[in-house]
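Note sheet for the following structure.
The values are calculated or read from the model by the stated rules, or taken from the named source; none is laboratory data. Since we're looking at a predicted model, the values are computed, not measured. Ideal geometry is used to build each Cβ from the backbone, glycine not excepted, and the neighbour counts take in all protein chains shown. Only protein heavy atoms, including side chains, enter the accessible area calculation; ligands, DNA and RNA are left aside. Shrake-Rupley method; radii C 1.70, N 1.55, O 1.52, S 1.80 Å.
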Amino acid sequence: MAEAMEFEVDGHAVRVSSPDKPYFAELGITKSDVVRYFLSVGDGILGALRDRPTTLERWPGGVFEGAKLSTRADNRGDAFYQKRVPKGAPPFVETARITFPSGRPADEVCPTTLAVVVWAVNLGTLTFHPWPVRRPEVDHPDQLRIDLDPQPGTDFRDAVRVAGELRSLLESLGMAGFPKTSGGRGLHVYVPIEPRWTFVEARRAVIALGRELARRMPDDVTMSWWKEERGERIFIDFNQMARDRTIAGAYSIRPTPRAQVSAPVTWEELPDVMPADFTVLTMPARFAQVGDLHAGVATTAFSLEPLLELVARDEANGEGDMPYPPEYPKMAGEPKRVQPSRARDD
């Protein structure tokens, strides 16, 4: 192993140990290559993370065939989520105190400088999962994140088709969305909002948006939380707007064989791109050419009122809340968290 390297980033000296350690061995991508990748998209990754509580997805052994991520059910994986700031973090690593659904507080990494990204990469971080909030308003989302999740039998192209209708729907409400690839099979659309509403209200707004999409495209879109009812449709994962649920931030690296990244794209180019077009190796040149296509997320803010009007309309028609994830406490107005097939059996 080569000796440690030191990177000067925003006036901070950041030590990177074992810089030639393979992070994507089959592609010849090392830890120092990952550092240089994030530096090359610096304005973009920091724009996605700045002042946001951020969970680190750490792959200290790199990505290799058979590697898996630890879960609540099985913590023996090769990678893990770091929700609390690690002990011994340098002074330039600031934090934000957030509250989990259980009511327990935690101090999460809250990037304010690109040096934090390099420091996190040294710990094995490939994917950054920022909350949809910024300090000091950590209980009031400033983004709606709409996750278009292809189900078995569908793919990215199907998600793109649904995204086109989503764009039209948002425009009819006086709003605009900013699309990006997930880095996997799916597609994310961010809608910046004023930080005036709660997580509960923001989640209900996404539910109403998804329901309207499903009405317009019933053969293509599903809002069913239960997999057995989704079919071959695009699932609008509304629970990604629940407190403490996050998605891969823009420019994050995903643990895929091609080292794909979550890439902001324009609406105009969306029909012609594929997730595999954007990787650690290709994104630097693209970023140098087009810049940060999500820069507008930080400078735009829409009112949530048009969507809350849809929420009220749905409630008047008997369509209320939907199930939360199983680890969440029972929420007011939430229906039973029982699979329909099991409910029929009871």
**OP:** Select from region 130-164 the residues that are charged (D, E, K, R), surrounded by 20 or more Cβ atoms within 10 Å (Cβ to Cβ) and over 16 Å from the mean Cα position of the chain (by Cα) and list them in ascending order.
**Re:** 158
Original post:
Looking at this structure, is residue 343 assigned to a helix (DSSP H, G or I), modelled with pLDDT of 95 or more, on the phi < 0 side of the Ramachandran plot and exposed (fewer than 15 other Cβ atoms within 10 Å of the Cβ)?
Top reply: no
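Take the residues in region 69-86 that are open to solvent by 70 Å² or more (accessible area, probe 1.4 Å) and either at pLDDT 95 or above or of a type in the set (Ser, Thr, Tyr) (or both); name whichever of them is nearest to residue 27 (Cα to Cα).
If we take residues in region 69-86 being open to solvent by 70 Å² or more (accessible area, probe 1.4 Å) and either at pLDDT 95 or above or of a type in the set (Ser, Thr, Tyr) (or both), then 80 is nearest to residue 27 (Cα to Cα).
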**OP:** Kindly indicate which of 66, 62, 28 is farther than 26 Å from residue 200 by Cβ and surrounded by 13 or more Cβ atoms within 10 Å (Cβ to Cβ).
**Re:** 62
**OP:** Report the residue count in region 301-340 for those that are of a type in the set (Lys, Arg) and in a helix (DSSP H, G or I).
**Re:** 1
Original post:
Out of the residues in region 12-25 that are free of Cβ contacts under 8 Å to residues at least 60 places away in the same chain and closer than 13 Å to residue 118 by Cα, which is most open to solvent (accessible area, probe 1.4 Å)?
Top reply: 13
**OP:** Search region 317-342 for residues that are aromatic (Phe, Trp, Tyr) and pair each with any residue that is assigned to a helix (DSSP H, G or I) when their beta-carbon atoms are under 7 Å apart and the residues are at least 6 apart or on different chains.
**Re:** 324/239
Subject >> Criterion violated by residue 332 - all others in (1) in contact with a helix residue (DSSP H, G or I) (Cβ under 8 Å, 6 or more places away or on another chain); (2) open to solvent by 60 Å² or more (accessible area, probe 1.4 Å) satisfied >> reply: (1)
Subject >> Pairs where the first residue, in region 50-65, is on the phi > 0 side of the Ramachandran plot and the second is surrounded by fewer than 22 Cβ atoms within 10 Å (Cβ to Cβ), C-beta under 6 Å, 6+ apart >> reply: 51/134; 51/135; 62/22
**OP:** Go over the candidates 228, 232, 201, 194 one by one and state the one that is modelled with pLDDT under 95 and open to solvent by 30 Å² or more (accessible area, probe 1.4 Å).
**Re:** 228
**OP:** Select from region 295-319 the residues that are farther than 30 Å from residue 263 by Cα, open to solvent by 30 Å² or more (accessible area, probe 1.4 Å) and not basic (Lys, Arg) and list them in ascending order.
**Re:** 309, 312, 315, 316, 317, 318, 319
**OP:** Examine region 245-264 for a residue that is over 30 Å from residue 29 (Cβ atoms) and part of a loop (DSSP other than H, G, I, E, B), and state whether such a residue exists.
**Re:** no
